[in-house]
1. Residue by residue through segment 167-172, which ³J(HN,Hα) values in whole Hz follow from phi under the Karplus form 6.51 cos²θ - 1.76 cosθ + 1.60 (θ = phi - 60°), with glycine and proline marked x?
2. Please report, to two decimal places, log10 I(q)/I(0) for the chain at q = 0.07, 0.09, 0.15 Å⁻¹ as given by the Debye formula with identical point scatterers on the Cα atoms and no solvent.
3. Set Lys and Arg Cβ to +1 and Asp and Glu Cβ to -1, take the dipole of the chain about its Cα centre, and tell me which of Ala60, Val116, Thr188 lies farthest positive.
4. How much FRET efficiency would the formula 1/(1 + (r/R0)^6) give for Ser16 and Glu66, where r is the Cβ-Cβ distance and R0 is 25 Å, rounded to 0.05?
5. Test of understanding: in a Gaussian network model of the chain with alpha carbons linked when under 10 Å, which of Pro40, Pro79, Pro133 would top the mean-square fluctuation ranking?
6. I'd like the GluC sites (Glu not before Pro) in segment 64-138 restricted to DSSP loop residues with at most 16 other Cβ atoms within 10 Å, sorted by number.
7. Rounded if a/c is under 1.5, else prolate if a/b is larger than b/c, else oblate: which is segment 82-131, with a ≥ b ≥ c the root eigenvalues of its Cα gyration tensor?
8. Taking chymotrypsin sites (Phe, Trp or Tyr not before Pro) as candidate sites, keep only those in a DSSP loop with at most 12 other Cβ atoms within 10 Å, then name the longest stretch of the chain containing none of them.
Amino acid sequence: MALDDLTPVDGLTPPSPARIAEALRLGACPPDRAFDIFLPEDLGSLSADQWTPLSVALAAATWLEEAGVRSVIDIGSGPGKFCVAAALAGSCELIGLEQNPRFVSVSRSLARLFGVQSRARFVHGALGESELPPTDAYYIYNPFAQHLFAPSDELGCGATPNYARYRRDVMIAQDLFRRAPVGTVVLTYNGFGGLMPSSYEARRVCHELPCVLRMWRKSEPWDDGGYSTADAG
């Protein structure tokens, strides 16, 4: 498939969801712009800074397949770009946890548009406040950093940076990973602001993407309260 044909050109008909889906299923990476045009305009304009690039979703889907992962929870799934793209590129079931109700609605529409609504589901809730289903893996793209920077109506941040909320969410994530069963996989893209518990081993890393993608696996049933010496960023 010629990926250049998937690049939208101003004034011309954009590529169809079916063509983008076909490319991802074949392991090819369409231009992000070709996917982002199916997001609401204001959310699509945030994609380069806020949502997972397609190249990362494709790499993550490959790693998850090779690790034998069947289900993944995306913590802070935004408008669903990672979940939908990874569902197209792999066979995992993906569940997005998102606290912004508008993003949840957009995510569900996006999954229907690309025909993956049976494997990409979205839950409205916040980490630590919503009960999560059992899962083989977690994906996390630094979702708590929004509490540290200038507020944004689109991202649903408060009127001022909330450092206490940032620290709380990072600690909740660390505790979630610490309590997960042996064999649990965690994919971090651009980190999450915290450190991986010492019961996890870094298994894979890719520095060639826009930010660093790492795969961790819990290898010990016990945890000494410490953290991995490997870089979690």
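Readers should treat all values here as calculations from the given coordinates under stated rules, not as data from a laboratory. Remember, predicted model here, so these are calculated numbers, not experimental data. Every residue, glycine among them, receives a Cβ derived from its backbone with ideal geometry; neighbour counts consider all protein chains shown.
1. Using θ = phi - 60°, the values come out as 5, 4, 5, 4, 5, 5 Hz.
2. -0.21, -0.35, -1.00
3. Val116
4. 0.25
5. Pro133
6. Working: sites: Glu65, Glu66, Glu93, Glu98, Glu129, Glu131; in loops: Glu129, Glu131.
Listed in order of number, the matching sites are Glu129, Glu131.
7. Note, shape of segment 82-131 comes out oblate.
8. Answer - 1-148.
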